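Visitor: My questions all concern the structure below.
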Amino acid sequence: MTDLTSGKTLNRRRFLGAAGLAGAGAALSGVPAIAGETAKSEALITDVQDWQRYLGEGVDKHPYGVPSKFEKNVIRRDVPWLTASAESSVNFTPLHELDGIITPSGLCFERHHGGVAEINPADHRLMINGLVDKPLVFTMDDIKRMPRVNKVYFLECAANSGMEWRGSQLNGCQFTHGMIHNVMYTGVPLKVLLDEAGLKPNAKWLMLEGADSSGMNRSLPIEKALNDVILAFAMNGEALRPEQGYPLRAVIPGWEGNLWVKWLRRVEAGDQPWQTREETSKYTDLLANGTSRKHTFVMDAKSVVTNPSPQAPLKHKGRNVLSGLAWSGRGTVKRVDVSLDGGRNWQTARIDGPVFDKSVVRFYVDFEWNGQELMIQSRAIDSTGYVQPSKDELRKVRGVNSIYHNNGIQTWLVRSGGETENVEIG
Ligand SMILES: Nc1nc2c(c(=O)[nH]1)N[C@H]1C(S)=C(S)[C@@H](COP(=O)(O)O)O[C@H]1N2
Ligand SMILES: [Mo]
């Protein structure tokens, strides 16, 4: 249908338009059921348009570029009733509007406990203290003179999909799965700084502390800190955004977002965890038997179909692209399966783009849609062989009291008109 050299195609469009058979157009593969589509298309091809007639904006208009005004729906969104104040709250990445694997910096979801700290990097200090030979204080300039690395990682809040434990609630993958972002970080391995300070033999845990008004802090096992943790000052090639912890944040690959302390001001070495609020009252999972599971650090394999989804319904019959994201905190995503019939039949999706360790992958299924009802699901299989479970499988082990660590399979119901809803198959 997109072959403009095909006179036959154009003729058929003209016929449908002239006869006013917009509805009938829907029956033909690839012809959108939009009244007036035919005439409009032709004018757009044959007439000179305003953007051809007049000069465009000069290079002096946007010293820092912004998206096209036609993309104004591509924004982070919050759910006001979820939290009492906007300073201790969350907004969500518009996953259904994005493609590839990199989240644009301005669309990365935000989760703050005390708002966004405004810190002049010249005034920022990082202290390493506790069980070390030599307590040290670093300026940002000091940190930027140390050997640095570039890595692409996902950050998922453990509360992502947390509203879904007791059944489907939020109608859109932005809200059910949008507490994730995936960017390239530039920073210094924490090990480099710890080596400089010299860890004492009994240093088994670190406490990371933020400089924001919440002073958020978490305990981190020393093995992880020495393995792959980075203190990042840049994301996607430029300085961190204020929302993401400017000028310095901890990057804890594959582990729950809460550990990724932003506006990082202090790393204290100790011999046991600190039992902070964020690892006791929060980010622990209340199980069915009344006990709580604590220190669930790793984010298990998970996936979601981003298109179609409730905010991005199917609009055309015939050729369509199903698209989604998959990730695992335990390694790489090896395979993604997609079902169009609620899990009866599965097909292997096509992963396209780079596959990095502890990064999201982008997957696609190119399919034909004839207006039949679909129940779309995806499941990720990671490099350890772990298969993403159904929500019911998770509930059997975890009960329904949990908030955090819900990596169950998501179902979207596509109705015959293309409208798409968040449902669960009982
Ligand atoms: N200092 C500080 N660090 C923080 C937080 C915070 O409120 N203050 N929120 C944490 C939580 S719960 C998450 S999920 C991630 C969110 O990171 P983001 O805002 O870049 O999405 O940051 C973590 N680091
Ligand atoms: Mo979080």
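Visitor: Which residue out of 289, 307 is over 22 Å from residue 183 (Cβ atoms) and more than 16 Å from ligand 2 (Cβ to nearest atom)? Write out each step before concluding.
Guide: Working: 307 fails: over 22 Å from residue 183 (Cβ atoms).
Testing whether each residue is over 22 Å from residue 183 (Cβ atoms) and more than 16 Å from ligand 2 (Cβ to nearest atom) leaves just 289.
Visitor: Same structure, new question: Which one is most open to solvent (accessible area, probe 1.4 Å), of the residues in region 158-173 that are within 16 Å of residue 96 (Cα to Cα) and away from ligand 1 (no atom under 14 Å from the Cβ)?
Guide: To start, the set of residues in region 158-173 that are within 16 Å of residue 96 (Cα to Cα) comprises 160-161, 170-173.
Applying the additional criterion that residues be away from ligand 1 (no atom under 14 Å from the Cβ) yields 170-173.
Values: 170: 18, 171: 86, 172: 0, 173: 0 Å².
This residue is 171.
Visitor: May I pose another question? Among the numbered criteria (1) within 16 Å of ligand 2 (Cβ to nearest atom); (2) assigned to a helix (DSSP H, G or I); (3) under 15 Å from residue 111 (Cβ atoms), which one does residue 174 miss?
Guide: (1)
Visitor: Give the residues of region 274-296 that are in contact with a helix residue (DSSP H, G or I) (Cβ under 7 Å, 6 or more places away or on another chain) and either modelled with pLDDT of 95 or more or not hydrophobic (A, V, I, L, M, F, W, C) (or both), sorted by residue number.
Guide: 278, 283, 285, 294, 295, listed by residue number.
Visitor: Among the residues of region 387-408, is any among the β-branched types (Val, Ile, Thr), buried (at least 22 other Cβ atoms within 10 Å of the Cβ) and over 18 Å from residue 344 (Cβ atoms)? Before you say what the answer is, go through the steps one by one.
Guide: Start the filter on region 387-408 by keeping residues that are among the β-branched types (Val, Ile, Thr), which leaves 387, 397, 400, 403.
Filter once more, keeping what is buried (at least 22 other Cβ atoms within 10 Å of the Cβ): none.
The answer is no; no qualifying residue exists.
Visitor: Another question, if that's okay. Taking the condition in contact (Cβ under 8 Å) with a residue 40 or more places away in the chain and closer than 30 Å to residue 422 by Cβ, does residue 172 pass?
Guide: yes
Visitor: Within region 191-205, work out how many residues are under 15 Å from residue 142 (Cα atoms) and surrounded by 19 or more Cβ atoms within 10 Å (Cβ to Cβ).
Guide: Residues flagged as under 15 Å from residue 142 (Cα atoms) and surrounded by 19 or more Cβ atoms within 10 Å (Cβ to Cβ) within region 191-205 amount to 3.
Visitor: Could I ask something else about it? When you scan region 74-97, how many residues do you find that are part of a strand (DSSP E or B) and more than 16 Å from ligand 2 (Cβ to nearest atom)? Write out each step before concluding.
Guide: First, pick out the residues of region 74-97 that are part of a strand (DSSP E or B): 77-78, 89-92.
This time we only want the ones that are more than 16 Å from ligand 2 (Cβ to nearest atom), so: 77.
Final tally of qualifying residues: 1.
Visitor: Further question on the same structure: Take residues that are in contact (Cβ under 8 Å) with a residue 60 or more places away in the chain and surrounded by 14 or more Cβ atoms within 10 Å (Cβ to Cβ) and tell me which of the strands (runs of 3 or more DSSP E) falling wholly in region 277-381 contain 3 or more.
Guide: Qualifying strands (runs of 3 or more DSSP E): 302-307, 318-327, 361-369.
Visitor: Give all pairs with beta carbons closer than 8 Å in which a residue from region 103-122 that is in the same structural domain as residue 232 (by TED's automatic domain parsing) meets a residue that is aromatic (Phe, Trp, Tyr) and buried (at least 17 other Cβ atoms within 10 Å of the Cβ); count only pairs at least 6 apart in sequence or on separate chains.
Guide: 109/92; 117/263; 119/246; 119/263; 121/246
The values are calculated or read from the model by the stated rules, or taken from the named source; none is laboratory data. Worth saying up front: this structure is predicted, and the values here are computed from it rather than measured. Positions of Cβ are backbone-derived with ideal geometry, glycine not excepted, and every protein chain shown enters the neighbour counts. Accessible surface is based on the protein model in full, side chains and every heavy atom, while ligands, DNA and RNA are left aside. Shrake-Rupley method; radii C 1.70, N 1.55, O 1.52, S 1.80 Å.
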